[in-house]
Amino acid sequence: MYNKAMATIKQFEAADKQFPVYITEPTGPIKGGLIVVEEIWGLRDHIKQVADRFAAEGYLVLSPDLLSEIDITEEMANRLQVKLFNPKTRNEAQPQLRTLMAPMQAPDFAEVAIAKLKTCFDYLIGQPETQEKVAITGFCFGGSYSFSLAVAEPRLKAAIPFYGHTDYDVAQLKQIKCPILAFYGEKDERLIEGLEELRSKMDQAGVDFTAQVYPGCGHAFFNDTNPFAYNRAAATDAWSRALEFLATNLTS
């Protein structure tokens, strides 16, 4: 494992919009480029720490804030996250979450978000050390957009969505040219209910798709800042599998 270099935040531009990108890199040789996409709570310390962990494994990492135009503070995000995953306060938190997510329903939100991801991809693909060696991973919201970039960018070499949602049809999924390793918690009912259909569509589309489901886990099992969702054993195993997947598809 490498020690990471000091991380920086730079402003990128896509679709005539400025957005911040957290950039962190290893101190040693770079194995490949990786985009790490935030949860619904935005580019918080947890996601930056995940980006740093990947950098310490040898990857040049970009973590864009696709939600920078939505007004949510770190304190607000932390408070809402805890309330949402606590069975005693979940009902109270759900209307607040819907209000938070409302701007994401705008007609052009997804188009702009994908444009931002492609800007990050183009940055990485343009670096001498990461040419033809770029992957994406993300969590929840970011897991969903990991699927989206795989559809939109045929040069992508690997995608690792954590508990992401996708409703692309078979024709759209045929645009995916990279292998996908997707992680789910068994108790994440909404995603698990649709998993067999997704497997079938991926198979029809000819996509190399692997779904790893962890028994006894729910949504956000990888987030160690969430006391109600985090599962250490599953998170540790998923981390190991993700690193192996990147090594296979970016450095071999």
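A short reminder: the numbers here are calculations on the coordinates, not readings from a lab. Just so it is clear, the structure is predicted and the values come from calculations on it, not from any experiment. In this analysis, Cβ positions are derived from the backbone assuming ideal geometry, glycine residues included, and neighbour counts consider all displayed protein chains.
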Within the set Asn86, Asn223, Asn231, GNM on the chain using Cα springs under 10 Å gives the largest fluctuation to Asn86
Neighbour-count ranking for Phe245, Phe183 (other C-beta within 10 angstrom, fewest to most) reads Phe245, Phe183
Select from Leu181, Leu66, Leu80 the residue whose mean-square fluctuation is largest in a Gaussian network model of the chain (Cα-Cα springs shorter than 10 Å).
Leu80
Cα gyration tensor shape for the stretch 98-232, rounded if a/c is under 1.5, else prolate or oblate
rounded
What lysines could a cross-link reach from Lys88, if we take a straight Cα to Cα line under 19 Å and drop same-chain neighbours fewer than 8 places away?
Lys187
At q = 0.17 Å⁻¹, the log10 of I(q)/I(0) for the chain from a Debye sum over equal Cα scatterers comes to -1.44
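Using the per-residue mean of other Cβ atoms lying within 10 Å as a proxy for protection, in what order, highest first, do the peptides 34-46, 158-170, 11-23 fall?
Output ranking for 34-46, 158-170, 11-23: 34-46, 158-170, 11-23.
Do the alpha carbons of any pairs in Lys10/Lys48; Lys116/Lys174; Lys17/Lys48; Lys31/Lys133 sit beyond 19 Å of each other, and which pairs?
Lys116/Lys174; Lys17/Lys48
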Taking a crude spin-label model, label points 7 Å out from Cα along the C-beta direction, the Met76 to Met101 distance in nm is 1.7 nm
As a footprinting exposure proxy, order Arg232, Arg90 by other Cβ within 10 Å, with the fewest listed first.
Arg232, Arg90
Between the alpha carbon centres of the stretch 67-86 and the stretch 202-252 the gap in Å comes to 23 Å
Please give, to one decimal in nm, the separation of the simple spin-label points placed at Val213 and Glu186, each 7 Å out from Cα toward the Cβ.
0.9 nm
